[in-house]
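The values are calculated or read from the model by the stated rules, or taken from the named source; none is laboratory data. Everything quoted here is computed from the prediction, not taken from an experiment. No Cβ is skipped: glycine too gets one built from the backbone with ideal geometry, and neighbour counts run over all protein chains shown. Calculation scope for accessible area: heavy atoms of the full protein, side chains included, ligands and nucleic acids excluded. Shrake-Rupley method; radii C 1.70, N 1.55, O 1.52, S 1.80 Å.
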Amino acid sequence: MATQSADEESLPLLGEAFAVELANSRYRSDRDDLDFLDDPTAVRRWFDAAPDAAGLEVPAGLGTVAAGRLREVRDAARTLLTELADRSPELSAVAVERLHAASRQAPAHLALTAPAGEPPGWELHYDGPPEAVFLASVAAHCILFVAGDDAGRVRHCARPACPMIFVQQHSARRFCHESCAHSVRQARYYRTTKHARRGAES
Ligand SMILES: [Zn+2]
């Protein structure tokens with residue numbers, strides 16, 4: 001997925017689980033280095049657009065310090081998800097501890113939800129100042145993902161220059177987005193036709 005600017009249409013969002021989208025909010029390739037959580041305004045824009053960020057409320061007065069802490073949580077998630085995609089035999093202890101430290105920012109308890117006509121479920125409820133609750137709940141989402149069933153399906157996009165990761169729900173999926181599949185097909189086509197022309201010339 002090629003992303004050139006930080007405006008809303010080009011946010012690197014794929015409709016993946018929250019932790020995966022969060023990890024992809026730092027788009028670093030050979031050509032680009034874009035941080036979509038660069039400052040409080042960018043954080044708000046990203047969370048408003050991220051499909052799986054429901055229930056994660058960006059505090060009204062989110063400051064630059066909290067935005068920096070959020071980026072630390074994101075970087076830890078990015079490290080761990082990259083290690084999962086690489087099938088690394090161990091996970092970074094520093095990244096693990098960073099998620100734990102953020103998760104400890106606010107005390108939480110389990111609440112049973114039982115809306116009429118729906119199966120019962122659970123939620124984590126937090127206490128504390130809004131920024132602490134925000135960071136703790138973001139970290140909890142990442143922890144639950146890394147320890148969850150989809151962790152073994154995290155993959156790198158097969159387009160060599162693309163830094164995006166995704167969850168491979170179907171074995172046929174190799175690219176983060178159709179645009180990456182398309183650009184690889186196109187590159188292959190040009191290579192093949194160039195070879196064919198060279199072949200014809202000789
Ligand atoms: Zn891609």
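Residue separation times 0.36 nm, minus the C-alpha to C-alpha distance between residue 147 and residue 189: what's the value?
11.1 nm
Top mean-square fluctuation among 112, 11, 56, Gaussian network model of the chain, C-alpha springs under 10 Å?
112
Carbon-plus-sulfur fraction of the accessible area of region 66-129, 1.4 Å probe, in percent?
Its accessible area is 54 percent carbon and sulfur atoms.
Could you report the accessible area of residue 16 in Å², rounded to 10, computed with a 1.4 Å probe on the protein chains as they sit in the structure?
The accessible area of residue 16 comes to roughly 20 Å².
Relative to the Cα centre, what is the charge dipole magnitude of region 8-151, using +1 at the beta carbon of each Lys and Arg, -1 at the beta carbon of each Asp and Glu, and rounding to the nearest 20 debye?
With Lys and Arg at +1 and Asp and Glu at -1, about 340 debye.
Could you work out which residue, out of 93, 158, 53, moves most in a Gaussian network model of the chain, that is, has the largest mean-square fluctuation with Cα springs under 10 Å?
Highest fluctuation among the options: 93.
Would you give the gap between the C-alpha center of region 40-97 and the C-alpha center of region 168-195, rounded to a whole Å?
Spelled out, the Cα-based centre of one part sits 29 Å from the other.
Which one, 60, 187, 161, has the greatest fluctuation when you compute a Gaussian network model over the chain with C-alpha springs under 10 angstrom?
187
Before anything else, pin down the relative contact order of the chain: Cα pairs under 8 Å, at least 6 apart, normalised by residue count, whole percent.
Value for the chain: 22 percent.
Taking a probe of 1.4 Å, how large is the accessible area per residue of the chain, in Å²?
Per-residue accessible area for the chain comes out at 57 Å².
Please report, in whole Å³, the volume per residue of the convex hull around the C-alpha atoms of region 102-189.
Roughly 164 Å³ of hull volume per residue.
Would you mind counting up the charge near residue 177? Only other residues with Cβ under 12 Å from its Cβ, with Lys and Arg at +1 and Asp and Glu at -1.
It works out to a net charge of +1.
Going by Cβ distance under 4.7 Å, what cysteines of the chain have no possible disulfide partner?
For the chain, the answer is 142, 180, because their Cβ atoms have no other cysteine Cβ under 4.7 Å.
Using θ = phi - 60° and the Karplus curve 6.51 cos²θ - 1.76 cosθ + 1.60, what whole-Hz ³J(HN,Hα) does each residue of region 170-184 get, with Gly and Pro shown as x?
Couplings: 10, 5, 6, 7, 10, 10, 5, 7, 4, 5, 6, 4, 5, 5, 5 Hz.
As a test question: what accessible area, to the nearest 10 Å², does residue 176 have when a 1.4 Å probe is rolled over all protein chains in place?
The value for residue 176 is about 10 Å².
Residue 189: accessible area at probe 1.4 Å, nearest 10 Å²?
Using a 1.4 Å probe on the heavy atoms, I get roughly 140 Å².
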